[in-house]
Amino acid sequence: MTVLIGGIAELRESLASMRTTSHTSGSIGLVPTMGALHAGHARLLEQARRECHSVVASIFINPLQFDRDDDLKQYPRMLERDVELCSTHGVDLVFAPTAGEMYPTAPLCTVEVGPLGDHLCGRYRPGHFRGVATVVLKLLEIVQPDAAYFGEKDAQQLAIVRRLVADFNVPVTIVGVPTVREKDGLAVSSRNSRLSPAERALAPSLYQALAEAARLIASGVDDVDVIKDRASKQVPRDPAVRLEYLEIVDPEDMQPVPRITGAVCVAAAMWVGSTRLIDNISC
Ligand code: PAF
């Protein structure tokens, strides 16, 4: 049975009894989410369920990581449905705190992520990764899981979380879970539900651009500017679409590479109407 908990003290009590009753193989897995759960989250929950004795899913729309008020307001909220989905995936505890529970006062101490957060999405969403790193550290402190699961779709977020736990010696294993895609390649995301049918038809061009970059890299092209230029041409010239960035970066420090000499991550963000989509591909 899935138990829904909103309070930190109550959650800690339940986790303490979980830890003592499951002392044989009592690993706890955390799947942090902002709700509006979809097939990508289901993949995270499934993997956590397979690998851990107990699974905690957090559902918290973290105001600290939104750089635009309208984005925060529009973020889909569907707690009842989310809890049901967690229940079908065998989640033991859903932690769904209010903003007041997580931030009783505006936090004075936040996590600065440095150059890891300056490029890619960080350049266009000031403060976003400070908000993500701060809430992830709080969730890890509150739940104290053995493993925490994050989608590879948010490659920069995943790189930052890995570095966060290394820098703060947080005793948790960070597990990256592959992106789930629709048949036409579009990465599954809560934001896809905001696309009109016409916008939805344009959205897969983001993946097509990344796939073109991957194809060029696999064929031996090593000039980053050539790859970026040809990949970007996959995005149609349409007033509804705007490629915000397409960058080729080192998968660990997320810094742009001058030339392809080893493994890279091609990451991109694209606006379709008023919806911002992100995706990446490892090559
Ligand atoms: O990826 C997300 O949904 C969020 O950024 C996270 C990791 C739950 C932190 O709020």
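The values are calculated or read from the model by the stated rules, or taken from the named source; none is laboratory data. Predicted, not measured: the structure shown is a model, and the values here were computed from it. Heads up, the Cβs are rebuilt from the backbone with ideal geometry, glycines too, and the neighbour counts pull from every protein chain shown. Side chains included, ligands, DNA and RNA excluded: accessible areas come from the protein's heavy atoms. Shrake-Rupley method; radii C 1.70, N 1.55, O 1.52, S 1.80 Å.
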Of the conditions (1) over 23 Å from GLU152 (Cα atoms); (2) at pLDDT 95 or above, the single one that GLN74 does not satisfy is (2)
Provide a single number: the residues in the stretch 141-186 that are open to solvent by 20 Å² or more (accessible area, probe 1.4 Å) and aromatic (Phe, Trp, Tyr). 1
Considering the stretch 89-120 alone, what residues qualify as being under 15 Å from PRO63 (Cβ atoms), open to solvent by 50 Å² or more (accessible area, probe 1.4 Å) and in a loop (DSSP other than H, G, I, E, B)? THR98, PRO104, THR105, ALA106, THR110
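Among the residues of the stretch 151-195, which ones are in a helix (DSSP H, G or I), within 12 Å of the ligand (Cβ to nearest atom) and under 14 Å from ALA133 (Cα atoms)? Don't jump to the end; show me each part of the working.
Initial filter on the stretch 151-195 (in a helix (DSSP H, G or I)): 155-167, 190-194.
With within 12 Å of the ligand (Cβ to nearest atom) added as a condition, the list becomes 155-158, 160-161, 164, 190-191.
ALA155, GLN156, GLN157, LEU158, ILE160, VAL161, LEU164, listed by residue number.
Consider ALA36 carefully, then state whether it is under 20 Å from GLU182 (Cβ atoms) and aliphatic (A, V, I, L, M).
Working: under 20 Å from GLU182 (Cβ atoms): yes; aliphatic (A, V, I, L, M): yes.
It is true that ALA36 is under 20 Å from GLU182 (Cβ atoms) and aliphatic (A, V, I, L, M).
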Residue list for the stretch 48-69, filter: without any contact (Cβ under 8 Å) to a residue 12 or more places away in the chain and among the acidic types (Asp, Glu): ASP69
Within the stretch 70-81, can one find any residue that is out of contact with any Leu (no Cβ under 7 Å at 6 or more places or on another chain), within 15 Å of the ligand (Cβ to nearest atom) and under 14 Å from VAL3 (Cα atoms)? yes
Residue check, ASP67 modelled with pLDDT under 95, outside any loop (DSSP other than H, G, I, E, B), within 14 Å of the ligand (Cβ to nearest atom) and charged (D, E, K, R): no
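Quick one: which strands (runs of 3 or more DSSP E) lie wholly within the stretch 1-61 and hold at least 1 residues that are open to solvent by 40 Å² or more (accessible area, probe 1.4 Å) and either more than 16 Å from the ligand (Cβ to nearest atom) or touching a Gly at 6+ places or on another chain (Cβ under 9 Å) (or both)?
Numbers: elements: 3-5, 28-33, 54-59.
Once the strands (runs of 3 or more DSSP E) in the stretch 1-61 are filtered for at least 1 residues that are open to solvent by 40 Å² or more (accessible area, probe 1.4 Å) and either more than 16 Å from the ligand (Cβ to nearest atom) or touching a Gly at 6+ places or on another chain (Cβ under 9 Å) (or both), what remains is 3-5.
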What's the number of the condition CYS86 fails, among (1) open to solvent by less than 10 Å² (accessible area, probe 1.4 Å); (2) within 26 Å of ARG125 (Cα to Cα)? (2)
Contact list, first residue from the stretch 126-139 and closer than 10 Å to VAL113 by Cα and among the basic types (Lys, Arg), second anywhere and within 9 Å of the ligand (Cβ to nearest atom) and assigned to a loop (DSSP other than H, G, I, E, B), beta-carbon distance below 7 Å, six or more apart or interchain, is none
Per the filter on the stretch 94-125, residues touching a residue at least 60 places away in the same chain (Cβ under 8 Å) and away from the ligand (no atom under 14 Å from the Cβ) are THR98, GLU101, PRO115, LEU116, HIS119, LEU120, ARG123, TYR124
